[in-house]
1. Exposed loop sites here are chymotrypsin sites (Phe, Trp or Tyr not before Pro) in DSSP loop states with at most 15 other C-beta atoms within 10 Å. What is the longest stretch of chain B lacking them?
2. Using Cα pairs under 8 angstrom and six or more residues apart, how large is the relative contact order of chain A, in percent?
3. For chain B, what are the DSSP H helices with axial Cα length of 18 Å or more and mean Kyte-Doolittle hydropathy of at least -0.5?
4. In debye, nearest 20, what is the charge dipole magnitude of chain B about its Cα centre with +1 on Lys and Arg Cβ and -1 on Asp and Glu Cβ, if you could check?
5. Kirkwood Rh, chain B, all Cα pairs: how many Å?
6. Using a cut-off of 11 Å between beta-carbons, work out the net charge of the residues near B:ASN140 (Lys and Arg +1, Asp and Glu -1, B:ASN140 not included).
7. Once R0 is set to 25 Å, what does the formula 1/(1 + (r/R0)^6) return for the Cβ-Cβ distance between A:ALA90 and B:PHE53, expressed as a FRET efficiency to the nearest 0.05?
8. Ratio of the protein assembly as shown's C-alpha Rg to 2.2 N^0.38 Å, to two decimals?
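The values are calculated or read from the model by the stated rules, or taken from the named source; none is laboratory data. Fair warning: this is a prediction, and the values are worked out from it, not measured in the lab. Please note: Cβ atoms are built from the backbone with ideal geometry, for glycine as well, and neighbour counts cover all protein chains shown. Keep in mind that these areas ignore ligands, DNA and RNA; they rest on the heavy atoms of the full protein, side chains included. Shrake-Rupley method; radii C 1.70, N 1.55, O 1.52, S 1.80 Å.
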Amino acid sequence: MIFPAIAVILIFNYGPMYGIQLAFRDYDFAKGLTGGEWRGLYYFKQFMNSYLFADLMKNTVTISLASIVLGFPAPIILALILNQIRRKKAKQILQTTVYLPHFISTIVLVGMLNVLLSPETGIVGYLMKLVGLGDINLLASTSTFMPVYVLSDIWQHCGWNSIIYLAALSTIDPQLYDSAKIDGASRWQTIRYVDIPAIVPTMIILFILSMGNVLGTGFEKIFLMQNALNLPVSEVIATYVYKIGIVSNQFSYSSAIGLFNTVINFIFLIAVNAISKRFSNMSLW
Amino acid sequence: MSLLSKNGNEIIFRLILFVLCVLIFLIIAYPLYFIIIASVSDSTLVSTGHVLFLPKGISFFGYQEIFKDTRIWVGYRNTLVYTFLGTFINLLFTLPAAYVLSRKEFMARRALMLIFVITLFFNGGLIPTYLLMKGLHLTNTMWVFILPFSVNVFNLIIARTFFETLPSELYEAAAMDGCSHFKYFIQVAMPLSKALISVIGLYYLVAHWNDFFTALIYIRKNELQPLQIILRDILLSNQVFASGAGVGGDAGGYAQRYADQIKYGVIIVSTLPILILYPFIQKYFEKGVLIGSIKG
């Protein structure tokens, strides 16, 4: 019963790992994966010495760190707010609403950004002119790309990501609330001393996982939001790998950059996990 | 703390809570509502800020154009096929595997689990995967949407965690009556797992529906393109419709004027199935997370 799943994982997840050697070889279209000459770390050196290296690293790290710094607390705060609503109906309506954007596809979301933020025909562009913010093209400016990316991401996924914290909050023993009340705790204090401690373990695990993906920023959305004007700040490792690999067929170079990315992520994950294990006794393994 | 100030505290708290909730509701709901009213309003009025609360200059021109466009329907059909066939195969592969991994008496359980979990953190990367798909002749076929993704390790873990919560006495009783694992899985475990099946089924369904990366890399044939790629052409690459809006030489301004209305309409049309399904599946969300919360 388990065989089909094993077969799929071996072929489609472990199969490509065999192809990693491409990062150390010249790819030869005629001879295939293993036919090319062994070049050692040549392609890694080429990447690190390339003029794009500094920019790519800077963009990738900036976008992912901003996503984590702003995006990580947002669902926690939302869950704490939702948890405080006493009226069942109101809570349900709000929950239904905040989960909804998660089901919009990335393309449609970027499409929405395009029509809403367009400086000529978009409503946001119009309103900005109205309040005297001028006609900055939010989608084509190097200074606004990152905020638009991060904020729209929070708009889309904050609600969905809050579910896990809500689930954690729902497991709190009601007696804890009662005794806090008897001790004269205000509702601020119950949040501070009952709710937050209850979700800390979940927070730590999710934080480790997100740090393990620090260079793995979402290819899809960035790729779709890219244009010639914001490219200096929007080109990240993942989009660059796609462009030089799939678009311009430099298979070996592209594989090397991809591998570089994966290894850095892995190091991050192990490091953050180790730190967490040391200080909070919590870890993924 | 006196009773009065305590009540005052509570009132301030409720007030802040109320304001925050209304604010959050508006921030999330208004853009969605705006797209709907903009799709049936005159584009010029929309872009000059006249359409804020109610549609104005109502016209369904955008929708007419969308219904005339064959690409959208081809994409729709393809996506439906990939989504439903894909999800079916997902469940067919994932559920039995998760069941096996949940059985404590299964010796290789820990080792296999490790093999599965490693793939969450380490992968071959884009190019080796691409070459593999090419080598397997999956590019430019519908199977590239289905086979490589037929097992998702996160969903596998969720399913395994769920099966572990089924009482072991149930299996013992069935085994006494001479029930094999296979029969037990089909006749006892499956009927008890409706919540689980709907949750991971939904995860798989949404992933297939929104998948555009696969088509971007592996599909060159137009007749195999899923809806998302066609949406990209219309929404992001500004491709005006082949029929209708592009007719004749003076169509430039005409097309420009309606391009945005068409875009708003396309957003609605392409998101509609999910929005229709949404109320029915929403009640399972939290259940799903509770089932899936990874223990230790």
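1. B:107-296
2. Value for chain A: 25 percent.
3. Taking the DSSP H segments of chain B (at least 18 Å long, mean hydropathy at least -0.5), we get B:3-39, B:70-102, B:109-121, B:194-210, B:251-281.
4. Approximately 360 debye in magnitude.
5. One decimal place: 23.4 Å for the Kirkwood radius.
6. So the environment of B:ASN140 carries a net charge of +2.
7. 0.70
8. Its radius of gyration relative to the 2.2 N^0.38 Å reference: 1.05.
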